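Working notes for the structure below.
The values are calculated or read from the model by the stated rules, or taken from the named source; none is laboratory data. It should be emphasised that the depicted structure is a prediction, and the values quoted were computed from it without experimental measurement. Methodologically, a virtual Cβ is constructed for each residue, glycine included, from the backbone with ideal geometry; neighbour enumeration extends over all protein chains shown.
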Amino acid sequence: MEIKTIETHPFEDQNPGTSGLRKKVKTFQQPNYLENFVQSIFDSLDDIVDQKLVLGGDGRYFNRQAIQTIIKIAAANGFSELIIGQGGLLSTPAASHLIRKYKAYGGLVLSASHNPGGPEEDFGIKYNVGNGGPAPEKYTQAFYRRSKEIASYKIAEIPDIDLDTVGTQKFGTLTISILDPVNDYAELMQTIFDFDLLKQSIGSGYITLKFDAMHAITGPYAKTILEDMLGAKPGSVINAVPLEDFGGGHPDPNLAHAEELAEAMFGPNAPTFGAASDGDGDRNMIMGSQIFVTPSDSLAILAANASLIPGYAKGISGVARSMPTSQAVDRVAAQQNLPCFETPTGWKFFGNLLDAGKITLCGEESFGTGSDHVREKDGLWAVLFWLNLIARKRQSVADIVTEHWQRFGRDIYARHDYEAVATDIADGIVAYLREQLPTLPGKAFGDYIVLYADEFAYTDPVDGSVSKNQGIRIGFENGSRIVFRLSGTGTVGATLRIYLERYEPDSNLHDQDAQSALAPLIELAEKFCEIKKRTGRNGPTVIT
Ligand code: VG1
Ligand code: CO
């Protein structure tokens, strides 16, 4: 295998965000752009020679081409085995599982997750470490530093690899193993959930379901697991064929983007259960007939009922949520005497807690839920968890949610996103918010008295690393909260996320529309950040 060293010049913008490096496809197509970043990653890692690397992506436009390039760079940098999903496909949780199962050194996951795909849209690349989880900040910072000084990359002179045939191929000392992307993952799911019970409940018609794969990576996973293994009617998985542009849609599982599913679930003769996942298969949206479950509630409900699931029957060690996620899971933890951790946004902050056995379940308000079975959030896992709960409790989704609220109270919750805001306006808003923080505590705004106003900083309880500036929080004496954050996954301008939350203990008041219940907080948020005033917009781009 001949190895060439190619001279290159640094790009200044290769700073990974919340979940890897995400840019327009066109940016990635610039000569040497992908090569530079991949070499910067390899340069920052120790002792990669003779190690295994997992490689796969969500199948979006540029996936195949990028994989061929990465194979050559990985080979040139001395990896001895590359484990690749057939067709270059792997969902993010499946990649995490493969890294763990085959004790790989790490993995490269090609995805821009819920961002649209296609020649004019987004691509992304993320490095996962040996525990299967997203690289912690000290790694991503090292990749960025390296990318700013890189002068050359190494590439092996090998032909393009056949990605479509399962099996092993050898190039000198390099082994390339092409695996079925679904098999290992489906096997793992069977060790956690009661597949016999699920087969019965689905076979008897007690559970009817619709899963929207949004033309993204979960199509083949959901077809195999839900239809072939569990016996859901053919066609229960909709938009099941992965497409390079996701059929032109946003592969983002929420009521705005998974329209077809939402319509069916709120329509007449709705199935008992509905769900959707995102581009790379790590997110989930849970619905029942006539009901949408907020991700924050979903996490709390999974935590409260974990002992009903075979994989968690022995109990869970603790829970964690990202800071902007509602406090619903905290109430479950308090009642069950479980440790509860609050981390910055992004799955990379859960890794240490999971590795140390401090938590078993964790989640984010952004439709992400997961457990210690892998080190990523896991869309289909959450779906199977809910199905298993419904089958065990023999209750509808709506009844499970209502009963949970009766027991713990309801954390009424919403997120308002303002996308593609001009960067200077967004920076102005953040500066304006920061300026107000010291003046707010003790101030009353109608019924809302500010208890604290600060910027969230996190000290990792396992390795002591500190992450600052992780979102602006304004908390009120009645337990309500407003959080402001700039997104770290967008590729156009800035996205301001406003997270709104109010606790309602009275079960007579649980059945209300979240937006109207949160109206006073929505107004206060505008007063604090002036997003509408400063952008001239009427309202958020997306409400979840
Ligand atoms: C968003 C979500 C965050 C999630 C991240 C990656 O980040 O808010 O909770 O972990 O996406 O999810 P941000 O910085 O845009 O708010 V995924 O499914 O896009 O990998
Ligand atoms: Co995702």
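A few remarks follow.
- One residue from Pro310, Pro339, Pro295, Pro344 being closer than 22 Å to Ser96 by Cα, surrounded by fewer than 21 Cβ atoms within 10 Å (Cβ to Cβ) and at pLDDT 95 or above: Pro310
- Positions within the stretch 38-77 being surrounded by fewer than 20 Cβ atoms within 10 Å (Cβ to Cβ) and on the phi > 0 side of the Ramachandran plot, in sequence order: Asp47, Asp50
- Meets criteria (more than 16 Å from ligand 2 (Cβ to nearest atom) and closer than 30 Å to Phe123 by Cα) for Lys468: yes
- Residue within the stretch 451-465 that is touching a Gly at 6+ places or on another chain (Cβ under 8 Å) and among the aromatic types (Phe, Trp, Tyr) present: yes
- The residues in the stretch 126-157 that are among the polar types (S, T, N, Q) and buried (at least 17 other Cβ atoms within 10 Å of the Cβ) can be counted, and the count is 4.
- The stretch 12-65 - residue that is farther than 20 Å from Thr140 by Cα and part of a helix (DSSP H, G or I) and, of those, nearest to the chain's Cα centre (by Cα): Asn63
- Top-ranked residue of the stretch 130-161 - restricted to ones that are of a type in the set (Lys, Arg) and within 20 Å of Tyr33 (Cα to Cα), ranked as farthest from ligand 2 (Cβ to nearest atom): Lys154
- Flag for Tyr127 being within 21 Å of Pro16 (Cβ to Cβ), among the hydroxyl-bearing types (Ser, Thr, Tyr) and more than 16 Å from ligand 2 (Cβ to nearest atom): no
- Of all residues in the stretch 337-380, those satisfying the criterion of being of a type in the set (A, V, I, L, M) and either touching a Gly at 6+ places or on another chain (Cβ under 8 Å) or within 12 Å of ligand 2 (Cβ to nearest atom) (or both) are Leu338, Leu353, Leu354, Ile359, Leu361, Val374, Leu380.
- Taking residues in the stretch 70-97 that are within 24 Å of Gly351 (Cα to Cα) and part of a helix (DSSP H, G or I), and partners anywhere that are within 16 Å of ligand 2 (Cβ to nearest atom) and of a type in the set (Lys, Arg), the pairs with Cβ atoms closer than 7 Å and at least 6 places apart or on different chains are Ser96/Arg375.
- Which listed residue is out of contact with any strand residue (DSSP E or B) (no Cβ under 9 Å at 6 or more places or on another chain) and either more than 16 Å from ligand 2 (Cβ to nearest atom) or touching a residue at least 24 places away in the same chain (Cβ under 8 Å) (or both), from Pro324, Pro268, Pro253: Pro268
Results for (1) of a type outside the set (D, E, K, R); (2) part of a loop (DSSP other than H, G, I, E, B); (3) under 22 Å from Pro181 (Cβ atoms), shown as yes or no for each residue.
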{"position": "His257", "(1), (2), (3)": "yes, yes, no"}
{"position": "Glu260", "(1), (2), (3)": "no, no, no"}
{"position": "Ala264", "(1), (2), (3)": "yes, no, no"}
{"position": "Pro271", "(1), (2), (3)": "yes, yes, no"}
